[in-house]
Amino acid sequence: MNKSTILFIAGHGKRKNGTFDPGATGLIAKGEHKYMKEDLFPAMKKQLPKGANVVFFSDYNVLSHGNLEQLAKSYGPNTIVIEMHYDAGMTAARGGHVIVWHEFKADSVDLSLVKAIKSRVPIRYSHKGDLGISGRNLGNARTAANKGINYRLVELAFGTNSQDVLEMVQNTDLFAKALLEAVLNTKLDKVNVPVAVKPISPEVVQRERSIEQMATEVINGDHGDGHKNRQESLGLTDAMYQQVRNRVNERTLGTKLSPKPVNKTIDQMAQEVREGKHGDGHINRQNSLKISAAEYEKVRARVNQLEGLKTVQTAKMPVAIKVGDKVTASQLYGTSNAESPARKTAITGYVDKIDKKWRNPYRLVKTKGKQDYIGFTRKNNLRK
């Protein structure tokens with residue numbers, strides 16, 4: 001057995017600000033964090049050989065607290081860290097993988113975990129010649145790489161696929177056994193396999209969680225930003241997600257969503273894209289417009305054409321905007337990462353902070369040098 005401490009961390013959980021992040025949900029209504037804490041970890045603990053140096057941590061969201069280094073080193077200088085998650089996506093998507101820092105090649109622990117995952121569900125991706133490995137630039141992976149911590153993140157399977165969920169929920173002991181055998185490099189006693197299991201129906205889980213409950217989760221930020229991300233995290237069909245979205249708007253805006261116009265022209269859609277009505281990124285814009293890839297390419301081409309004509313006609317260099325500048329914003333957003341503007345009429349203020357990592361990078365104040373914030377905005381909504 002490995003002499004180093006093996007630290008299993010349940011991803012997500014209680015954030016530093018006190019709110020709770022369940023992680024992806026899908027067909028497992030309790031979400032990633034509680035599944036690891038209440039199902040997988042107990043199944044692993046009861047099969048743990050005597051004397052095995054394995055620790056299970058689920059007290060809080062380690063990424064939010066930003067203390068991965070301190071936590072890992074509290075169990076010894078050579079702690080092996082395995083952060084546990086499950087994935088979410090389209091209902092047909094299946095399989096698990098192990099995420100490592102994108103500059104690293106998988107080590108023996110990573111490859112053993114891939115073998116364990118493959119014994120229960122398919123594996124996905126390939127990185128530097130190793131199947132079942134994905135190289136990413138993620139928060140805890142970045143911290144671990146910078147601080148010399150032996151770390152990887154496991155995406156066990158898809159919580160939005162009924163076959164994968166069957167393995168996670170009804171064959172939890174078998175999954176737990178495979179993972180332990182992988183990290184301890186030893187064979188464990190056989191586990192009794194359920195005689196008969198029934199596929200888990202999405203409708204059953206969706207009934208258990210009302211539209212009101214899911215709307216509350218979205219408002220609390222439990223499912224991230226962007227409609228595509230939220231829908232995947234919730235594990236809902238388009239029709240069900242639209243019901244959740246309508247309820248969120250009723251509660252936050254006091255009004256129901258107006259039906260989206262249909263049969264818009266390419267010019268109309270291109271103008272909306274230029275005005276920022278469909279967010280950032282081509283995938284988000286196409287999803288927001290609800291058009292095919294071929295039609296979106298026409299919209300994209302028209303946007304480029306219009307932007308090109310505008311540049312030729314004005315023949316002006318972009319105006320640099322810096323902290324302290326007095327500006328007029330045509331739209332304001334309530335938060336740094338809000339998708340929809342809270343104000344659509346012009347307002348004048350001063351640039352208090354610029355952070356390009358935000359969706360709305362420019363924070364404005366009413367009075368220069370004071371913290372009387374009026375909102376956030378984007379560069380294309382500003383003029384000096």
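The values are calculated or read from the model by the stated rules, or taken from the named source; none is laboratory data. Quick caveat: nothing in here was measured; it's all calculated off a predicted structure. Positions of Cβ are generated from backbone atoms using ideal geometry, with glycine treated the same way; all protein chains shown enter the neighbour counts. Quick note on the areas: whole protein, heavy atoms, side chains included, nothing else; ligands and nucleic acids left out. Shrake-Rupley method; radii C 1.70, N 1.55, O 1.52, S 1.80 Å.
Before moving on, here are some points about what is shown:
- Å² of accessible area per residue within the stretch 1-129, as computed with a 1.4 Å probe and no ligands counted: 46
- Among A43, A329, A182: highest mean-square fluctuation, GNM of the chain, C-alpha pairs under 10 Å: A329
- Restraint check, K290/K379; K290/K344; K128/K298, Cα-Cα greater than 30 Å: K128/K298
- For the chain, size of Cβ-based charge dipole, Lys and Arg +1, Asp and Glu -1, in debye: 1320
- By average C-beta atoms within 10 angstrom, highest first, the peptides 347-356, 92-101: 92-101, 347-356
- Cα shape, the stretch 340-384, gyration tensor, a/c 1.5 rule: oblate
- Note on the chain: dipole from Cβ charges, positive end direction compared against Y35, S4, N337; the farthest Cα belongs to N337.
- Diffusion of the stretch 12-170 by Stokes-Einstein, at 20 °C in a medium of 1.002 mPa s and with Rh set to the Kirkwood radius over alpha-carbon pairs, works out to 132 µm²/s.
- Violating pairs (Cα-Cα greater than 30 angstrom) within the set K16/K190; K147/K322; K228/K264: K16/K190; K147/K322
- Mean Cβ count within 10 Å, highest first, over the residues of peptides 116-128, 69-81: 116-128, 69-81
- Here the chain exposes an accessible surface that is 50 percent carbon and sulfur, computed with a 1.4 Å probe and the other protein chains kept in place.
- With contacts taken as Cα pairs under 8 Å and at least 6 residues apart, the chain reaches a relative contact order of 13 percent.
- Shown here are the Rg and Dmax of the Cα trace of the stretch 1-83, at 13.5, 39 Å.
- Normalised contact order of the stretch 1-51, rounded percent, pairs of Cα under 8 Å and 6 or more residues apart: 25
- Between A93 and S4, the contour length at 0.36 nm per residue exceeds the Cα-Cα span by 28.5 nm.
- Extension gain for N380 to S126 (0.36 nm times residue separation, less C-alpha to C-alpha distance): 87.6 nm.
- For the chain, share of DSSP beta bridges that run antiparallel, in % to the nearest 5: 50
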